[in-house]
1. Determine, yes or no, whether Asp39 is more than 15 Å from Gly90 (Cα to Cα), open to solvent by 60 Å² or more (accessible area, probe 1.4 Å) and either in contact with a Gly (Cβ under 8 Å, 6 or more places away or on another chain) or small (Gly, Ala, Ser) (or both).
2. So which residues in segment 42-60 are modelled with pLDDT of 95 or more and either closer than 15 Å to Pro111 by Cα or loosely packed, with under 14 Cβ neighbours inside 10 Å (or both)?
3. May I ask you to list the residues in segment 17-63 that are in contact with an Asp or Glu (Cβ under 6 Å, 6 or more places away or on another chain), free of Cβ contacts under 8 Å to residues at least 40 places away in the same chain and of a type outside the set (A, V, I, L, M, F, W, C)?
4. Taking into account only those residues within segment 6-42 that are touching a Leu at 6+ places or on another chain (Cβ under 9 Å) and of a type in the set (A, V, I, L, M), which is farthest from Tyr126 (Cα to Cα)?
5. Would you confirm whether or not segment 116-125 contains a residue that is assigned to a strand (DSSP E or B), buried (at least 19 other Cβ atoms within 10 Å of the Cβ) and in contact with a Ser or Thr (Cβ under 8 Å, 6 or more places away or on another chain)?
6. Within segment 138-157, does at least one residue satisfy the condition of being at pLDDT 90 or above and open to solvent by 40 Å² or more (accessible area, probe 1.4 Å)?
7. Is it fair to say Thr64 is within 16 Å of Asp19 (Cα to Cα), surrounded by 15 or more Cβ atoms within 10 Å (Cβ to Cβ) and not charged (D, E, K, R)?
Amino acid sequence: MASQNRPPQTRQLTKPKFDKLSDVKPGIHGYNTFVKIEDIKKEQIKRYDGSLLIVSEGLAGDDTGVIRFRVVGEYANILEKGKCYAWRNGLSEVIQERHRLSLDQFGRITPEKDDLVVVNQNGKKYSDIEYVRKDARPNTNRRDNRDNRDNRDNRDNRDNRENRDNRDNRDNRDNRDNRDNRDNRGQRRPQGNRTRGGNQKRD
């Protein structure tokens, strides 16, 4: 009864951490950052059902540098040049070997104070860096293990073949010995000049 009267526990929300663009790594999603829109271009794409899809592309930055971005959908329409925004749970994509900020269905963009971010025009241009995808390292251990297993199988097969050959040779030798013994047993002993009773024949 006491547990029923206890007030429900409320989970305390933690304050989100916002990173600089210098800390947003390519391919690492779910970041939060403050940016200012330096350049933007909007385009309307007509869907198959006749509705319009808004796509915004441009350049955003902070005090560490600038980076390209692309936003599709409802948040693409709210972006304006010279305004500051909070980019929450964003995507960090590499498109055509270039770093770019983006957003998916779990992300969110909210407007902030215009003086929140001061863009460093002489800072790093993150989208100008070319990223080359590393090839997967060959699993030499797996190949070595397979080679060792093949060698072991070959050795086992060779041993089995040698054992079978030895057994066949032993069987052939036994069969030859048995045949020789049978032939010897089948030969008659030569008869002498003695007659029955041991008496010699008279002339």
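The values are calculated or read from the model by the stated rules, or taken from the named source; none is laboratory data. From a predicted model like this one, the values you see are computed outputs, not experimental measurements. Quick reminder, even Gly has a Cβ in these numbers, built from the backbone with ideal geometry, and neighbours come from all protein chains shown. We work out accessible area using only protein heavy atoms, side chains counted, and drop any ligands, DNA or RNA first. Shrake-Rupley method; radii C 1.70, N 1.55, O 1.52, S 1.80 Å.
1. Numbers: more than 15 Å from Gly90 (Cα to Cα): yes; open to solvent by 60 Å² or more (accessible area, probe 1.4 Å): yes; either in contact with a Gly (Cβ under 8 Å, 6 or more places away or on another chain) or small (Gly, Ala, Ser) (or both): yes.
Considered against the rule, which asks whether it is more than 15 Å from Gly90 (Cα to Cα), open to solvent by 60 Å² or more (accessible area, probe 1.4 Å) and either in contact with a Gly (Cβ under 8 Å, 6 or more places away or on another chain) or small (Gly, Ala, Ser) (or both), Asp39 comes out as yes.
2. Result: Ala60, single match.
3. Correct list: Lys41, Gly58.
4. Just the residues of segment 6-42 that are touching a Leu at 6+ places or on another chain (Cβ under 9 Å), to begin with: 21, 24, 29-31, 33-40, 42.
Narrowing further to those that are of a type in the set (A, V, I, L, M): 21, 24, 35, 37, 40.
Values: Leu21: 8, Val24: 10, Val35: 14, Ile37: 15, Ile40: 17 Å.
Taking the candidates together, the pick is Ile40.
5. No, there is no match, as no residue in segment 116-125 is assigned to a strand (DSSP E or B), buried (at least 19 other Cβ atoms within 10 Å of the Cβ) and in contact with a Ser or Thr (Cβ under 8 Å, 6 or more places away or on another chain).
6. Taking segment 138-157 and keeping what is at pLDDT 90 or above, we get none.
Taking every residue of segment 138-157 in turn, none turns out to be at pLDDT 90 or above and open to solvent by 40 Å² or more (accessible area, probe 1.4 Å).
7. Yes.
Listed here are the residues, each with its yes/no results for (1) outside any strand (DSSP E or B); (2) under 25 Å from the mean Cα position of the chain (by Cα).
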{"site": "Arg68", "(1), (2)": "no, no"}
{"site": "Gly82", "(1), (2)": "yes, no"}
{"site": "Gly90", "(1), (2)": "no, yes"}
{"site": "Glu93", "(1), (2)": "no, yes"}
{"site": "Ser127", "(1), (2)": "yes, no"}
